[in-house]
Amino acid sequence: MLINFCVGGKEYCGNSALEVVRALERDTKHYPHRGQSLRQFLFWSLERLGHRLPPRDLHLSDQLGDDELALSYLYLRDEYGAGKLSTGADIQA
């Protein structure tokens, strides 16, 4: 499934949510732990988005794998206006 995420005037595309989130990580200038665990980046990013997201949505489940966490993160950002997510079905329509 093709994933497309737009934020800050830039578009990120990948075959998985994990690819897209890793691209976001590479482009995040002030992130000090580039290339380390996905959870570390998501914690860091969500902390900075805390002013836009309700506290109940800032928790990362220990029961989800990286790709599910990445997709959940992108959906969450889309839902609260911190980016725009579309998938292959949306893009082809």
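The values are calculated or read from the model by the stated rules, or taken from the named source; none is laboratory data. Bear in mind that the values here come from a model prediction, so they are computed numbers and not experimental data. Positions of Cβ are generated from backbone atoms using ideal geometry, with glycine treated the same way; all protein chains shown enter the neighbour counts.
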| remark: Looking across the stretch 1-21 at residues that are small (Gly, Ala, Ser) and within 12 Å of Leu71 (Cα to Cα), the single one that is surrounded by the most Cβ atoms within 10 Å (Cβ to Cβ) is Ala17
| What are the residues in the stretch 17-40 that are under 14 Å from Leu74 (Cβ atoms) and either of a type in the set (Asp, Glu) or touching a Leu at 6+ places or on another chain (Cβ under 8 Å) (or both), if any? | Ala17, Leu18, Glu19, Val20, Val21, Arg22, Glu25, Leu38
| If Gly14 satisfies every condition in (1) over 11 Å from the mean Cα position of the chain (by Cα); (2) at pLDDT below 90 but one, which is the exception? | (2)
| field | Enumeration of residues in the stretch 21-54 that are under 21 Å from Gly81 (Cβ atoms), charged (D, E, K, R) and in contact (Cβ under 8 Å) with a residue 24 or more places away in the chain | value | Arg52
| query | Looking at this structure, is Arg26 in contact with a helix residue (DSSP H, G or I) (Cβ under 9 Å, 6 or more places away or on another chain) and either at pLDDT 80 or above or farther than 15 Å from Leu2 by Cα (or both)? | reply | no
| request: Among the residues of the stretch 54-87, count how many are assigned to a helix (DSSP H, G or I) and at pLDDT 85 or above. | output: 14
| query | Within the stretch 23-40, how many residues turn out to be more than 16 Å from Lys10 (Cβ to Cβ), assigned to a helix (DSSP H, G or I) and either out of contact with any His (no Cβ under 7 Å at 6 or more places or on another chain) or aliphatic (A, V, I, L, M) (or both)? | reply | 2
